[in-house]
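Take a look at the structure below.
Taken together, the values in this text are just the output of simple stated rules run on the coordinates, not laboratory data. Computed from a prediction, not measured in an experiment: that's the story for all the values here. Positions of Cβ are generated from backbone atoms using ideal geometry, with glycine treated the same way; all protein chains shown enter the neighbour counts.
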Amino acid sequence: MDEEQFFQGILQEFPQLESLCAEHVEFYEEFLSHVFLADVVRWTVSLFGEAGQGLAEEAIGLRLINFIEGAYVHGDCAVRELIRVSFVENLPYSGQEGFRIHEHLTGNLRRIFSER
């Protein structure tokens, strides 16, 4: 899986991100993969961090985490580096809102998170 396939997959699996992507392209006048994935992190963290969020929102967040883990496993070097630098590195630290997202990381994402 290359970067184009990775982002096509995210937008196909998570149509909720289409407006975020459109806003991103409008603001930057192009698609910046590292910046957009950082936006995706903030969106995902918000699913776990906001008071009153329900199980449906968390289920979407869990699906996205599983998608990212699968992309890390099946992605090329560029996708793995993108996930390492723009997804895991942008996850909240202890004491920050949404930190409990780390409880749901598995496999490679958990390992990378623990190494940062």
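Derived scalar couplings between HN and Hα for the range 33-38 equal 4, 5, 5, 5, 5, 5 Hz in order, rounded to whole Hz, by the Karplus curve 6.51 cos²θ - 1.76 cosθ + 1.60 (θ = phi - 60°), x for Gly and Pro. Sorting 105-111, 11-17, 81-87, 93-99 by average packing, meaning the other beta carbons within 10 Å per residue, from highest down gives 81-87, 105-111, 11-17, 93-99. Compared with the alpha-carbon gap, the fully stretched path from Glu58 to Asn90 is longer by 9.7 nm at 0.36 nm per residue. Only helices enter the 222 nm calculation for the chain: every DSSP H run of n ≥ 4 contributes -39,500 (n - 2.57), and dividing by all residues gives -20000 deg cm²/dmol, rounded to 500. Recomputing mean projected area of the Cα convex hull in nm² from the coordinates shown identifies the correct label among [x] 6.3; [y] 10.4; [z] 7.0 as [z]. The 3J(HN,Hα) values that the Karplus relation (6.51, -1.76, 1.60; θ = phi - 60°) gives for the range 100-110 are, in residue order, 5, 4, 4, 5, 9, 6, 10, x, 4, 5, 5 Hz. Gly and Pro appear as x. Maximal additional length on extending the Arg110-Gln12 stretch stands at 32.8 nm, based on 0.36 nm per residue less the C-alpha distance.
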